[in-house]
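Trainee: One structure is given below, represented as structure tokens, and several questions about it will come after.
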Amino acid sequence: MRTLDEVIKAMETDPVPMAYTARLSVHEDIMTDALHYLKEYQKILPLVPSLINTAIAVQKKGKTIG
């Protein structure tokens, strides 16, 4: 399996890779949307460890999040 960065780079270079369209029959607009969401995911991914640590700290204090 490729990394997130590799997939994004490949999709930016060739928005509709033949391997994807041949195997999955995905339309170009869906691939464009997928690239958009992957880039958004890539932006927030570095925040996850901090969010997990915050949730654990709050849980240890006996509080709930939400």
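Okay, residues lined up against (1) modelled with pLDDT of 85 or more; (2) not acidic (Asp, Glu):
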| residue | (1), (2) |
| --- | --- |
| Asp5 | yes, no |
| Pro17 | no, yes |
| Tyr20 | no, yes |
| Pro49 | yes, yes |
| Ile52 | yes, yes |
| Ala55 | yes, yes |
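Trainee: When both residues are 6+ apart or on different chains and their Cβ atoms are under 9 Å apart, which pairs have a first residue that lies in region 34-60 and is more than 23 Å from Glu12 (Cβ to Cβ) and free of Cβ contacts under 8 Å to residues at least 40 places away in the same chain, and a second that is exposed (fewer than 11 other Cβ atoms within 10 Å of the Cβ) and hydroxyl-bearing (Ser, Thr, Tyr)?
Mentor: Cβ pairs passing all conditions: Val58/Thr64.
The values are calculated or read from the model by the stated rules, or taken from the named source; none is laboratory data. Note that the structure is predicted; figures quoted are calculated from it, not measured. Positions of Cβ are backbone-derived with ideal geometry, glycine not excepted, and every protein chain shown enters the neighbour counts.
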